[in-house]
Amino acid sequence: MEKNINLTLKVWRQKNAREKGRFETYKVANVSTGSSFLEMMDILNEQLVNEGQEPVAFDHDCREGICGMCSLYINGRPHGPDDDITTCQLHMRKFNDGETIYIEPWRSAGFPVIKDLIVDRTAFDKIIAAGGYVSINTGGVPDANALPIPKDDADEAMDAASCIGCGACVAACKNGSAMLFVSAKVSQLALLPQGRVEAARRAKNMVARMDELGFGNCTNTGACEVECPKGISIANIARLNREFLKAKIQD
Ligand code: SF4
Ligand code: FES
């Protein structure tokens with residue numbers, strides 16, 4: 001049964017990328033445990049606006065676990081205390097009455113803070129622009145089953161394609177590595193015939209761009225997989241490494 005809870009929030013406030021940030025403490029009362037975490041943030045912001053204070057800037061769009069925008073670090077975990085969900089899918093029933101909740105932006109050299117809880121994730125767009133697409137002419141839409149693809153490959157490609165680019169993998173990694181994200185984007189194409197044509201160039205260029213953009217090296221801690229809201233497997237990282245090595249040998 002839903003109930004109302006009172007909370008203390010320690011929220012990271014930072015004016016812009018240049019200024020230092022700090023935690024500010026806010027109280028929110030009578031939050032329904034049936035509301036979502038972002039609805040709780042809306043309640044806080046309404047309260048701040050009514051008090052003449054600046055609302056907390058945070059990213060969101062779909063609020064359905066699709067867009068990957070809601071990048072919050074909650075009580076030390078990307079996307080908070082629940083598994084396999086995004087912040088917008090997190091419910092307040094996961095918290096207790098009287099609890100103190102720490103809310104921070106992603107912490108990573110690759111994702112500089114823009115304001116409060118919003119980080120700049122354009123580095124991911126730049127990695128995609130380096131090769132995360134198919135540019136060959138694949139012709140018109142083929143008839144179903146005209147292009148035979150083994151079921152396992154199709155399933156793995158679909159699983160990899162469920163990456164929403166949220167960045168939780170980077171935030172969870174002590175090295176700030178983007179390998180899980182890059183490996184998902186490489187895998188979803190490398191597993192399909194249309195993506196094979198450019199596979200070598202894609203793996204090389206995307207990894208090179210990732211390195212240039214300040215992401216750290218992968219040391220196989222597996223923290224990324226644990227915190228990924230879409231369950232992207234680190235088996236994709238092994239595939240990326242194989243694709244990368246193949247590309248290097250072909251050079
Ligand atoms: S791999 Fe998972 S955690 Fe990383 S960007 Fe994709 S969905 Fe988010
Ligand atoms: S707001 Fe789109 S995934 Fe959370």
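The values are calculated or read from the model by the stated rules, or taken from the named source; none is laboratory data. Since this is a predicted model, take the numbers as computed values, not measurements. Because the Cβ atoms are built from the backbone with ideal geometry, glycine has one as well, and the counts that use them run over all protein chains shown. Calculation scope for accessible area: heavy atoms of the full protein, side chains included, ligands and nucleic acids excluded. Shrake-Rupley method; radii C 1.70, N 1.55, O 1.52, S 1.80 Å.
In table form, for the structure just shown:
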{"quantity": "Residue-level accessible surface for ARG209, protein heavy atoms, 1.4 Å, Å²", "calculated": "70 Å²"}
{"quantity": "Per residue solvent-accessible surface (Å²) - the range 121-250, probe of 1.4 Å", "calculated": "50 Å²"}
{"quantity": "Computed helical MRE - 222 nm, the chain, DSSP H runs ≥ 4 contributing -39500 (n - 2.57), nearest 500", "calculated": "-10500 deg cm²/dmol"}
{"quantity": "Ranked order, MET41, MET1, MET158, MET179 - accessible area, probe 1.4 Å, largest first", "calculated": "MET1, MET158, MET179, MET41"}
{"quantity": "Filter on LYS27/LYS230; LYS185/LYS248; LYS94/LYS230; LYS126/LYS230 - keep pairs with C-alpha separation over 29 Å", "calculated": "LYS27/LYS230"}
{"quantity": "Helix axis angle, 179-190 relative to the chain longest principal axis, alpha carbon, degrees", "calculated": "40 degrees"}
{"quantity": "With Cα atoms, 0 to 90° folded angle of helix 37-50 axis to the chain main axis", "calculated": "50 degrees"}
{"quantity": "Fraction of accessible area attributable to carbon and sulfur, the chain (%, probe 1.4 Å)", "calculated": "50 percent"}
{"quantity": "Antiparallel DSSP beta bridges within the range 4-104, percent to nearest 5", "calculated": "80 percent"}
{"quantity": "Rg to Rh quotient for the range 4-104, alpha carbon positions, Kirkwood Rh", "calculated": "0.94"}
{"quantity": "Backbone N within the range 27-65 under 11 Å of label point (7 Å from ARG93 Cα along the Cβ vector)", "calculated": "33-35"}
{"quantity": "VAL49 accessible area, 1.4 Å probe, all protein chains in place, Å² to nearest 10", "calculated": "90 Å²"}
{"quantity": "With DNA, RNA and ligands ignored, accessible area of LYS230 (1.4 Å probe; Å², nearest 10)", "calculated": "70 Å²"}
{"quantity": "Two-site FRET efficiency, ILE136 against ALA238, from Cβ-Cβ distance with R₀ of 35 Å, rounded to 0.05", "calculated": "0.85"}
